[in-house]
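See structure below.
The values are calculated or read from the model by the stated rules, or taken from the named source; none is laboratory data. Since the structure is predicted, the reported quantities are computational estimates derived from the model, not experimental observations. So basically every Cβ, Gly included, is an ideal-geometry build from the backbone, and we count neighbours across all protein chains shown.
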Amino acid sequence: MTEARPITVLAISTYVKGHEFLRECKRQGCRVLLLTAEKHRDADWPRESIDELFCLPNELPLADIVNAVSYVARSQKIDRIVALDEYDMETAATLREHMRLPGMGLTTMRYFRDKLAMRVQALDYGIRVPDFIPVINHADIAYYMTHVPGPWVLKPRQEAAAIGIKKIHAPEELWPVLEQLGDRQSTYLLEKFLPGEVYHVDSVVSERDVVFCSVSRYGQPPMVVAQGGGVFTSFVLPEGEEAASLREINREILRALKLMRGVAHAEFIRAEADGELYFLECAARVGGAYIHEMVEAATGLSLWREWARIEIAGGRLPYQLPPLRHDSAGLILSLARQEEPDTSGYNDPEIVYRIKKHHHAGFVLRAPDPARIQALLQDYTPRFIKDFLAVEPPLLKPVD
Ligand SMILES: Nc1ncnc2c1ncn2[C@@H]1O[C@H](COP(=O)(O)OP(=O)(O)O)[C@@H](O)[C@H]1O
Ligand SMILES: [Mg+2]
């Protein structure tokens, strides 16, 4: 039975993000509840769009969160539960299953949270992935390393932003690392390191249909930037053969991973060795590192806003994509040695957004001509290194 009352959305985010999601829920007439971490109680949340804010003590076990949310649900009906950040997806899926609410359950959630699960699923659907092996059976790993030439990467199944990824050059290098990881080793996988360009595709999905996607290429692979230090750039690809092949593999992967509705940020490598596209990873969330702002600059579409609209529609109401613009856009971001770097020396009219964040410098660029964006990124990168770049190897979060 449906009642004539506003839909109540419970957003969960233990990272401060998703302002536009919360605002859009409010604009659409929803009651908006936000569950966050105690340490973010006083963060700059869009308070005018939040009806109630709940804060969780650090490290609260999942069972206690289920109890706490069920307690809240005694006195107000909750219609949707949405995790705004990657690390809250398990909590949200557990709660949805507990309360039998629509949206992704635990099995599907794992396809997006566990790099092993997404690889196995991709393979089952005939999508190319770098040759990999789970870190489960040592004889299997030894066999793998004698048959799949290195180097390889040992990566955590559930991290983001290139955290914890280690390049392994020879079998003798791997075993001591596994030994050191001890019981944690089975939360890793080993795969072939494939040098090549890294792409990201940011999608809006409604009832299993990819209704929008934006295809971009990182200037340097994110691992190089995160672990080696450097300037992070990305560039929205113009329509053409390259973009079309990425759209196609993105559509295939989203079907394989069974995303019903929402947004996705998928990454692919074009391997130098054979020129083919390989699936790297896919998250059911908005891409980090100001990708949202770059996509909005190119198209006028806000991934956060559309995600909110699709969640509210919940497959029961029709969803319609807003009209789109077809500009080119780019993004440049770097750690800065200055606390508040002065970017006033950069004043090209293509700068549509200046990233304001402690110890960071960065812009979102927009122009009708993709060549102009590429030229600006090429010009700005060495200037950023000189003007801002920190000496310490940076760990940009989130560049995933
Ligand atoms: N198999 C691989 N071959 C080459 N580079 C890789 C491989 N796996 C990861 N990388 C590099 O590491 C980065 C992070 O890996 P990814 O699987 O996307 O994990 P994360 O969730 O940390 O972003 C990639 O963007 C890419 O630069
Ligand atoms: Mg990644």
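Can you find a residue that is in a loop (DSSP other than H, G, I, E, B) and on the phi > 0 side of the Ramachandran plot anywhere in segment 357-364? Scanning segment 357-364, I find at least one residue that is in a loop (DSSP other than H, G, I, E, B) and on the phi > 0 side of the Ramachandran plot, so the answer is yes. Would you please name the residue that is nearest to ligand 2 (Cβ to nearest atom), looking only at residues in segment 262-313 that are closer than 19 Å to residue 24 by Cα and part of a strand (DSSP E or B)? Among them, the one singled out is 264. For residue 96, the conditions (1) basic (Lys, Arg); (2) out of contact with any helix residue (DSSP H, G or I) (no Cβ under 7 Å at 6 or more places or on another chain); (3) outside the structural domain of residue 33 (by TED's automatic domain parsing) are fulfilled apart from (3). Taken across segment 215-222, residues that are farther than 25 Å from residue 138 by Cα, in contact with a helix residue (DSSP H, G or I) (Cβ under 7 Å, 6 or more places away or on another chain), more than 15 Å from ligand 1 (Cβ to nearest atom) and in the same structural domain as residue 336 (by TED's automatic domain parsing) do occur, with at least one present. Of the helices (runs of 4 or more DSSP H) contained entirely in segment 97-202, those carrying at least 1 residues that are within 12 Å of ligand 1 (Cβ to nearest atom) fall at 106-113, 115-124. Being surrounded by fewer than 15 Cβ atoms within 10 Å (Cβ to Cβ) and assigned by TED's automatic domain parsing to the domain that holds residue 242 holds for only one residue in 267, 276, 293, and it is 276.
Quick check, is residue 77 of a type outside the set (A, V, I, L, M), more than 14 Å from ligand 1 (Cβ to nearest atom) and either touching a residue at least 40 places away in the same chain (Cβ under 8 Å) or touching a strand residue (DSSP E or B) at 6+ places or on another chain (Cβ under 9 Å) (or both)?
Taking the combined requirement at face value, the residue satisfies it.
The residue pairs whose first member lies in segment 158-173 and is touching a residue at least 12 places away in the same chain (Cβ under 8 Å), whose second member is of a type in the set (Phe, Trp, Tyr) and more than 16 Å from ligand 2 (Cβ to nearest atom), and whose beta carbons are closer than 6 Å, counting only pairs six or more residues apart or on different chains, are 168/152. Among what's in segment 153-204 and is in contact with a helix residue (DSSP H, G or I) (Cβ under 6 Å, 6 or more places away or on another chain) and over 19 Å from residue 223 (Cβ atoms), pick the residue that is farthest from ligand 2 (Cβ to nearest atom). Of everything passing the filter in segment 153-204, 171 is farthest from ligand 2 (Cβ to nearest atom). Per the conditions (1) surrounded by 15 or more Cβ atoms within 10 Å (Cβ to Cβ); (2) more than 18 Å from residue 261 (Cα to Cα), the sole criterion not satisfied by residue 110 is (2). Cβ-Cβ contacts under 8 Å between residues 6 or more apart (or on different chains), taken from a first residue in segment 279-294 that is within 14 Å of residue 213 (Cβ to Cβ) to a second residue that is within 9 Å of ligand 1 (Cβ to nearest atom) and modelled with pLDDT of 95 or more, are listed as 282/267; 287/200; 291/200.
Quick one: which residue in 100, 74, 31, 47 is closer than 14 Å to residue 311 by Cα and modelled with pLDDT of 95 or more? Can you show your working first?
Values: 100 fails: closer than 14 Å to residue 311 by Cα; 74 fails: closer than 14 Å to residue 311 by Cα; 47 fails: closer than 14 Å to residue 311 by Cα.
31 is the lone residue from the list that is closer than 14 Å to residue 311 by Cα and modelled with pLDDT of 95 or more.
I'd like to know if segment 207-214 contains one or more residues that are without any contact (Cβ under 8 Å) to a residue 24 or more places away in the chain, more than 16 Å from the chain's Cα centre (by Cα), surrounded by fewer than 22 Cβ atoms within 10 Å (Cβ to Cβ) and away from ligand 2 (no atom under 15 Å from the Cβ). Scanning segment 207-214, I find at least one residue that is without any contact (Cβ under 8 Å) to a residue 24 or more places away in the chain, more than 16 Å from the chain's Cα centre (by Cα), surrounded by fewer than 22 Cβ atoms within 10 Å (Cβ to Cβ) and away from ligand 2 (no atom under 15 Å from the Cβ), so the answer is yes.
Which members of segment 207-260 meet the condition of being part of a strand (DSSP E or B) and aliphatic (A, V, I, L, M)? Within segment 207-260, 210, 211, 215, 236 qualify.
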